[in-house]
Amino acid sequence: MTMRTNCFLLLTILLGILPMSNTHANDSIPKSVILYTPYTKISVSPGASIDYSIDLINNTDKLMNANLSVSGLSSSWKHEMKSGGWNLSQLAVLPKEKKTFNLKVEVPLKVSRGSYHFVVSAGEAQLPLNVVVAQQGTYQTEFTTDQPNMQGNSKSTFTFNATLKNQTADQQLYALMAKAPRGWNVIFKPNYKQATSAQVEANSSQNVSIDITPPANVEAGSYKIPVRAATGNTSAELELEVVVTGSYQMELTTPRGLLSADVTAGDTKRIELEIKNTGSSLLKDIQLSANKPVDWDVTFEPSKIEMLKAGETATAVAILKASKKALPGDYVTTMMAKTPEVNADAQFRIAVKTPMIWGWVGVLIILATIGVVYYLFRKYGRR
């Protein structure tokens with residue numbers, strides 16, 4: 001009984017070992033042809049271009065000439081196989097060697113989010129590949145910039161660098177437009193050349209430089225400038241923001257631009273003045289004053305201007321009184337307008353004339369002299 005049991009156990013063990021040995025022997029036999037790439041499952045975005053590097057390995061002792069093909073891709077997924085710069089449909093591999101070829105797959109722009117499977121074949125060898133599209137694809141245009149906001153004074157030119165991306169399957173000619181406030185100047189420069197349109201290849205991008213110049217007398221503040229790239233089928237908008245900081249400038253002159261006047265010694269002269277705000281910021285508390293000759297007097301009506309907006313003009317009158325002792329000739333009087341931020345001045349040439357009474361006195365003296373000479377001539381001329 002014991003001997004029979006031992007024989008049965010030994011036979012069972014032997015029968016169990018033999019199938020296991022056959023299985024391992026079959027698994028260790030290499031396949032004759034293998035296709036290999038490490039990237040069998042990848043995640044991409046719509047419109048991406050995938051470039052696979054695939055090895056075709058010949059484990060046989062004979063030259064192998066394998067037909068290459070791709071199956072499982074829809075017609076919207078374009079693909080091509082290349083090696084050595086040539087398009088391939090067949091590849092020969094020497095015994096016990098391998099050859100590498102490239103498979104380029106173009107993911108459509110208009111594609112649903114999900115997982116897509118396809119197979120690369122070389123004769124009997126097959127390589128399953130999986131592409132995961134991470135987001136929903138669209139047929140659209142993008143107009144973007146890394147910095148949509150810029151700041152400067154009213155004399156600045158604001159230059160924005162934008163990117164126009166054609167996410168369609170066709171070449172597009174985009175019209176470039178801007179909706180700017182009146183007086184603003186917007187210039188588009190696709191690829192840094194001034195133009196009103198830009199041609200962009202399918203699934204490609206182009207740099208667009210945008211120069212924005214505000215009007216000369218623009219007030220300080222924030223201004224939004226919408227720009228647009230459009231075709232008959234697709235368009236994109238980009239909103240740019242320009243922040244104009246205040247610039248303080250002021251000019252003092254007269255309505256006719258004349259900076260000269262005549263006055264009689266001891267008399268008064270009224271000179272009309274114009275104060276212009278030529279900057280972009282509001283001017284407050286403009287004080288009027290004058291640098292005058294000795295013993296002269298200058299007052300202003302009004303003596304202070306409370307407020308003057310950018311681009312506006314205010315008027316004032318300078319009342320100038322010349323000294324009674326002023327000798328005939330030219331005198332310089334400087335009129336000044338001052339604020340805490342900016343000053344302006346104008347030099348006036350004042351010509352002083354002799355009073356009329358002194359003219360009559362001179363005439364009387366001459367007449368008296370003539371009369372005395374005539375009297376003396378009559379009295380002593382006959383002797």
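The values are calculated or read from the model by the stated rules, or taken from the named source; none is laboratory data. Nothing here was measured: the structure is a model prediction, and the numbers come from that model. So basically every Cβ, Gly included, is an ideal-geometry build from the backbone, and we count neighbours across all protein chains shown. Note: areas computed on protein heavy atoms with side chains; ligands, DNA, RNA excluded. Shrake-Rupley method; radii C 1.70, N 1.55, O 1.52, S 1.80 Å.
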### Query
Once both axes come from the Cα atoms, what is the angle between helix 356-380 and the longest principal axis of the chain, in degrees from 0 to 90, rounded to 10?
30 degrees
### For the chain, built as a Gaussian network whose Cα springs stay under 10 Å, the top-fluctuating residue of ARG113, ARG182, ARG228
ARG182
### Structure-based [θ]222 nm, the chain - -39500 (n - 2.57) summed over DSSP H runs of at least 4, per residue, nearest 500
-4500 deg cm²/dmol
### Task
Compute the distribution of all C-alpha to C-alpha distances in the range 151-305, in bins of 10 Å from 0, and list the percent of pairs in each, rounded to whole numbers.
9, 27, 19, 14, 12, 10, 6, 3, 1
### Query
What number, in percent, do you get for the relative contact order of the range 171-317 if the mean sequence gap of Cα pairs under 8 Å and at least 6 apart is divided by its residue count?
19 percent
### Query
What is the diffusion coefficient of the range 51-205 in µm²/s, taking the Kirkwood radius over Cα pairs and the Stokes-Einstein relation at 20 °C with a viscosity of 1.002 mPa s?
107 µm²/s
### Message
Just to check, using Stokes-Einstein with a Kirkwood Rh over alpha carbon pairs, what's the diffusion coefficient of the range 198-272 at 37 °C and 0.692 mPa s in µm²/s?
### Response
177 µm²/s
### Task
Just need log10 I(q)/I(0) for the range 58-100 at q = 0.14, 0.23, 0.27, 0.34 Å⁻¹, Debye formula, equal scatterers on the alpha-carbon atoms, no solvent, rounded to two decimals.
-0.42, -0.84, -0.98, -1.17
### Query
By the gyration tensor of its Cα atoms, with a ≥ b ≥ c the square roots of the eigenvalues, what is the shape of the range 102-181: rounded for a/c under 1.5, prolate for a/b over b/c, or oblate?
prolate
#### Entry: Between helix 2-27 and the chain: long-axis angle, C-alpha atoms, 0 to 90°, nearest 10
40 degrees
### Query
Given PRO181, ASN277, VAL107, which one lies farthest toward the positive end of the charge dipole of the chain, if we put +1 on the Cβ of every Lys and Arg and -1 on the Cβ of every Asp and Glu?
ASN277
### Query
How large is the Kirkwood hydrodynamic radius of the chain, in angstrom, based on all distinct alpha carbon pairs?
31.4 Å
### Task
Could you please state how large a percent of the accessible area of the chain is carbon and sulfur, counting protein chains only and using a 1.4 Å probe?
53 percent
### Whole-number percent relative contact order across the range 69-198, with pairs defined as alpha carbons under 8 Å at least 6 apart
17 percent
### Task
Jot down the per residue volume, in cubic angstrom and as a whole number, of the convex hull over the alpha-carbon atoms of the range 139-242.
86 Å³
### Query
Can you tell me the Rg and Dmax of the range 248-354, counting just the alpha carbons, in angstroms?
14.3, 46
### Task
For the range 253-294, report the convex hull volume of the alpha-carbon atoms normalised per residue, in Å³, without decimals.
108 Å³
### Task
With a 1.4 Å probe and every protein chain left in place, work out the accessible area per residue of the chain in Å², rounded to a whole number.
62 Å²
### Task
Express the relative contact order of the chain as a whole percentage, based on alpha carbon pairs under 8 Å and six or more residues apart in sequence.
11 percent
### Query
In cubic angstrom, how much convex hull volume per residue do the alpha carbon atoms of the range 31-131 span?
91 Å³
#### Entry: Amide N proximity, the range 150-166 versus ASP211 label position 7 Å along Cα-to-Cβ, cut-off under 13 Å
156-160
